[in-house]
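The values are calculated or read from the model by the stated rules, or taken from the named source; none is laboratory data. Please read all numbers here as calculations on a predicted model, not as lab measurements. FYI the Cβ positions are ideal-geometry reconstructions off the backbone, even for glycines, and counts take in every protein chain you see. Calculation scope for accessible area: heavy atoms of the full protein, side chains included, ligands and nucleic acids excluded. Shrake-Rupley method; radii C 1.70, N 1.55, O 1.52, S 1.80 Å.
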Amino acid sequence: MIAEGRISIEMGRDGDVRLSSNRGVDVARMLRGRSPSDVLDLLPRLFSLCGHAHVAAARRAMFGPQADEMCRSDSLMVLAENAREHLLRILTGWRAQAGPTALNAAPVMSLVKGMKAALGARKAEREQADTLADILEHDVLGARAAQFLALDNIKAFDGWLAGAPTPAKDHLSGVIAKGWASLGASQTHYLPDLSENLLKKRFSDPEFSRYPDWQGQPHETGPLERQSGHPLLVALIKAHGAGLLARLVARLVELARIPEQMQNGDCLVQGGDGLGIAKTARGRLIHAVTQDNGMIAEYHILAPTEWNFHPEGAAVQALRTLPSEADLPMRAHALIEAIDPCVAFEVRVV
Amino acid sequence: MCLAIPAEVVAITEDKQTATVSLDGVRKDISLALLTDVTEGDFVLIHVGYALNKISPEEAERTLALMAELEEVAS
């Protein structure tokens with residue numbers, strides 16, 4: 001039986017939280033002994049969700065500077081994939097709670113295919129960025145992305161929230177009305193820029209790609225890590241802590257930035273010489289490769305969920321702040337969905 | 001790793017919102033909220049309870065074979 005993988009979280013009445021993860025099999029092991037072009041062919045078939053991010057990271061890790069000429073198109077595909085993933089969270093998670101006001105799924109599901117068809121034709125690429133900007137304006141933000149990104153204080157945020165309604169705004173208002181804005185607020189350690197030499201050395205420890213730490217400490221990667229310096233998030237974190245509201249708004253800030261990033265067409269994949277780092281919707285995706293005579297000798301993949309859902313990581317730290325009340329499972333679900341594990345999860349109160 | 005797994009649609013509810021899929025002979029209900037035009041016999045990629053896209057039977061077969069190989073490597 002092929003397993004999608006699952007995260008199990010046990011919440012004790014004493015406030016302790018235990019997380020165990022069965023995230024399926026180690027894909028990297030089956031890449032050993034293959035050629036780099038085989039790897040580029042296999043990855044998108046296995047990882048159909050964020051296949052372009054895997055390809056981008058793999059290309060950088062396997063081909064180093066030779067991957068430069070593909071970096072623009074790889075980055076555009078990763079951005080389209082990220083936009084779809086963020087919008088899917090909103091479609092399937094936020095909307096369901098906000099009521100039946102349907103956010104139309106078809107344009108969201110076409111974003112990746114649309115960008116793929118547009119690659120290489122600058123005008124068509126820009127049109128894809130415009131398509132995304134329109135989806136954001138009409139179905140999510142109720143404003144142009146630039147207007148949303150200009151919000152830089154709580155008063156302006158409240159004004160935006162009170163304006164033209166969207167399912168996403170309804171969801172945020174619901175979170176605030178329930179008193180959940182600071183839900184799960186805890187001291188989180190954002191993953192810093194990683195020294196490439198040190199990172200490569202860390203992969204010699206087989207545990208590193210399952211239970212990663214940096215300088216002895218689990219770290220968080222993803223929208224909150226990347227956007228916490230935005231003025232609106234600075235204000236929200238000051239007012240409510242790095243809790244549920246900050247996490248949800250960080251996703252919106254990140255989404256709102258994507259159309260412009262697409263217009264710029266910059267190379268967003270980092271690494272080289274055996275290492276590739278792509279910024280996916282859920283955080284940094286790292287591939288580390290060594291080759292022997294043009295074939296893969298060692299391959300390691302470190303996905304963002306392993307940081308965020310580390311047994312002592314950001315999700316667990318956030319869950320440990322929850323009071324043991326009757327609606328504990330609901331609060332836990334809201335937080336876990338906001339941090340976004342990418343696999344099914346179950347919460348048990350024991 | 002988050003894998004999306006191919007599965008065959010064996011039944012669809014009247015409101016077209018839910019499908020029963022067969023995964024290695026195990027039946028499972030999934031949401032069709034993200035897709036239109038799915039019919040019985042189609043192959044779809046499923047992820048955490050949702051059908052994400054339609055794929056061809058050949059593509060589904062290739063991906064499933066690859067995943068079976070993966071299981072073998074892991075065991």
- Note on the structure: Of the conditions (1) at the interface with chain A (Cβ under 8 Å from one of its Cβ atoms); (2) within 11 Å of the chain's Cα centre (by Cα); (3) surrounded by fewer than 18 Cβ atoms within 10 Å (Cβ to Cβ), the single one that residue B:52 does not satisfy is (3)
- Item | Answer from B:30, B:46 - the residue that is within 8 Å of the chain's Cα centre (by Cα), within 12 Å of another protein chain (Cβ to nearest Cβ) and among the aliphatic types (A, V, I, L, M) | B:46
- Message: Looking only at residues that are of a type in the set (A, V, I, L, M) and open to solvent by less than 70 Å² (accessible area, probe 1.4 Å) in segment A:177-200, which one is nearest to the chain's Cα centre (by Cα)?
- Response: A:191
- Message: Please verify whether residue B:8 is away from every other protein chain (no Cβ under 11 Å), in a loop (DSSP other than H, G, I, E, B) and open to solvent by 60 Å² or more (accessible area, probe 1.4 Å), treating the condition exactly as stated.
- Response: no
- Note on the structure: Among helices (runs of 4 or more DSSP H) entirely within segment A:295-350, at least 1 residues that are under 21 Å from residue A:241 (Cα atoms) and more than 16 Å from the chain's Cα centre (by Cα) occur in A:314-320, A:328-339
- Note on the structure: Across segment A:208-230, the tally of residues that are assigned to a helix (DSSP H, G or I) and either open to solvent by 20 Å² or more (accessible area, probe 1.4 Å) or touching a His at 6+ places or on another chain (Cβ under 9 Å) (or both) stands at 3
- Number of the condition not met by residue A:165 [criteria: (1) over 24 Å from the mean Cα position of the chain (by Cα); (2) more than 25 Å from residue A:238 (Cα to Cα); (3) part of a helix (DSSP H, G or I)]: (3)
- Is segment A:150-166 home to any residue that is at pLDDT below 95 and surrounded by 15 or more Cβ atoms within 10 Å (Cβ to Cβ)? yes
- Task: For segment B:55-71, name all the residues that are in contact with a strand residue (DSSP E or B) (Cβ under 7 Å, 6 or more places away or on another chain), part of a helix (DSSP H, G or I) and more than 7 Å from chain A (Cβ to nearest Cβ).
- Result: B:57, B:60, B:64
- Message: Filter segment A:13-43 down to the residues that are part of a loop (DSSP other than H, G, I, E, B), small (Gly, Ala, Ser) and modelled with pLDDT under 90 and list them by number.
- Response: A:15, A:24
- Task: Would you confirm whether any residue within segment B:68-75 is modelled with pLDDT under 95, surrounded by fewer than 20 Cβ atoms within 10 Å (Cβ to Cβ), farther than 23 Å from residue A:345 by Cα and touching an Asp or Glu at 6+ places or on another chain (Cβ under 7 Å)?
- Result: no
- Reported set for segment B:13-32 where residues are open to solvent by less than 40 Å² (accessible area, probe 1.4 Å) and among the hydrophobic types (A, V, I, L, M, F, W, C) is B:19, B:21, B:23, B:30, B:32
- Please specify each residue of segment B:33-43 satisfying the condition of being within 21 Å of residue B:3 (Cβ to Cβ) and within 11 Å of chain A (Cβ to nearest Cβ). B:33, B:34, B:35
- The residue that is nearest to residue A:107 (Cα to Cα), considering only those in segment B:18-27 that are within 11 Å of chain A (Cβ to nearest Cβ) and among the hydrophobic types (A, V, I, L, M, F, W, C), is B:23
- Task: Tell me which residues, restricted to segment A:231-248, are in contact (Cβ under 8 Å) with a residue 60 or more places away in the chain and open to solvent by 10 Å² or more (accessible area, probe 1.4 Å).
- Result: A:231, A:235, A:239, A:247
- Task: Could you tell me whether residue A:268 is open to solvent by less than 10 Å² (accessible area, probe 1.4 Å) and hydrophobic (A, V, I, L, M, F, W, C)?
- Result: no
- Scanning segment A:1-40 residue by residue, those at the interface with another protein chain (Cβ under 10 Å from one of its Cβ atoms) and either among the charged types (D, E, K, R) or open to solvent by less than 20 Å² (accessible area, probe 1.4 Å) (or both) turn out to be A:2, A:4, A:5, A:6, A:23, A:26, A:27, A:28, A:29, A:30, A:31, A:32
- Message: Which numbered condition in (1) without any contact (Cβ under 8 Å) to a residue 60 or more places away in the chain; (2) open to solvent by less than 20 Å² (accessible area, probe 1.4 Å); (3) closer than 30 Å to residue A:316 by Cα is the only one that residue A:79 fails?
- Response: (1)
- Query: If we scan segment A:180-197, do we find a residue that is assigned to a helix (DSSP H, G or I) and on the phi < 0 side of the Ramachandran plot?
  - Reply: yes
- Could you list, in sequence order, all residues of segment A:44-61 that are in a helix (DSSP H, G or I) and surrounded by fewer than 24 Cβ atoms within 10 Å (Cβ to Cβ)? A:44, A:45, A:46, A:51
- Please indicate, with yes or no, whether at least one residue in segment A:333-340 is away from chain B (no Cβ under 14 Å), at pLDDT below 95 and on the phi > 0 side of the Ramachandran plot. no
- Kindly check whether there is at least one residue in segment B:21-28 that is in contact with a helix residue (DSSP H, G or I) (Cβ under 8 Å, 6 or more places away or on another chain) and in a loop (DSSP other than H, G, I, E, B). no
